[in-house]
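The structure appears below as structure tokens.
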Amino acid sequence: MLVFARIGSALMFLPGFGETQITIRARLMFGIILTLVLYPASPVPAMLPGDAVQMAQLIGTEALIGLWIGSVARTILSALDFAGYQAGYATGLANAFSPSLGSFEGATAVASFLLMSATALIFVTNLHHVMLRSLMFSYEVFPFGTLMPGDLADQFAKALAGSLYIGVTLAAPFFVMGLLINLGLGLANRMMASLPVFFVAGSVLTGAGFLVLAFAAPAMLHGFLDRLADWLGTFRF
């Protein structure tokens, strides 16, 4: 039960495993099976708590650690969501919404494309094996039965800042593209006052955005996967 508290709560938010498109029953069964497989290798001792309060405290501690691991990993994934939103604004596709992974609200088409691609690549590149191995590694970073709220809060704040930095970095090509194209259209409007800039700008930004996305998407996804793998190996930002 204590092993499932940590592993099961982490699987609720881990990218690829905790997606809303996966049924709750399937996630629950996978968590139980994974717990039975990893329990012999876990350092959790066979114990009989003295009372219900102690048992509830241990379950709460382990569940909180698992929720922290899953939520920070989900926060890193949100960098792609942020980058997709910024790319949508830069390319004029901000109003093109589509279903989003990991949430019940819609996202821009570019953000949905990046999130779905990242989720697929997590399993294609076997990064999900790193996630499962990191759950066992978490017992070395967070020993069984111990909780450090100050460190967890500090690292979560750093994860939020790191996710924002990653998102801005991934969206940088679209910022540069939008700046150059808008600057060029502004100069063209100065030279040719009769030019319908608003009608021309939309098609130009969208076409250039698709071109930049075709060249930048592999590097964006590669950078995200590397950053997620690095964090899973250390649990520190």
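Selection among A46, I181, A87 by position relative to the dipole of the chain gives I181 as farthest towards the positive end (Cβ unit charges, Cα centre).
With distances taken between every two different alpha-carbon atoms, the stretch 162-232 has a Kirkwood hydrodynamic radius of 14.0 Å. Computed in the context of the full set of protein chains, the accessible area of the chain at 1.4 Å probe radius has 72% of its extent on carbon or sulfur. Charge dipole of the stretch 1-147 (Cα centre as origin; +1 on each Lys and Arg Cβ, -1 on each Asp and Glu Cβ, all else neutral): 180 debye, rounded to the nearest 20. Close amide-amide hydrogen proximity is noted between A107 and S98, S100, each under 5 Å apart and 5 or more residues distant or on a separate chain (H modeled in the peptide plane; Pro and chain starts excluded).
Every helix of 4 or more DSSP H residues in the chain counts as -39500 (n - 2.57), and over all residues that averages to -26000 deg cm²/dmol at 222 nm.
Say a paramagnetic label sat at a point 7 Å from the Cα of L36, along Cα to Cβ; which residues of the stretch 3-29 have their backbone N under 20 Å from it? Inside the label zone: 3-12, 23-29. Applying 1/(1 + (r/R0)^6) with r as the Cβ-Cβ distance of T206 and T169 and R0 = 22 angstrom yields a FRET efficiency of 0.45. Within the stretch 1-122, the ratio Rg/Rh, alpha carbon atoms throughout and Rh by Kirkwood, equals 1.12. In plain terms, the chain from A153 to Q57 could stretch by 32.6 nm, reckoned as 0.36 nm per residue minus the Cα-Cα distance.
Between the amide H of L93 and any residue lying 5 or more places away or on another chain, no distance stays under 5 Å, with hydrogens modeled in the peptide plane. For the chain, the Kirkwood hydrodynamic radius comes to 19.8 Å, computed from all pairs of different C-alpha atoms.
The values are calculated or read from the model by the stated rules, or taken from the named source; none is laboratory data. Not measured: the values here are computed from a predicted model. Using ideal geometry, Cβ is built from the backbone for each residue, glycine included, and neighbour counts are taken over all protein chains shown. Each accessible area value is taken on the protein alone, full model and side chains, heavy atoms only, with ligands, DNA and RNA left out. Shrake-Rupley method; radii C 1.70, N 1.55, O 1.52, S 1.80 Å.
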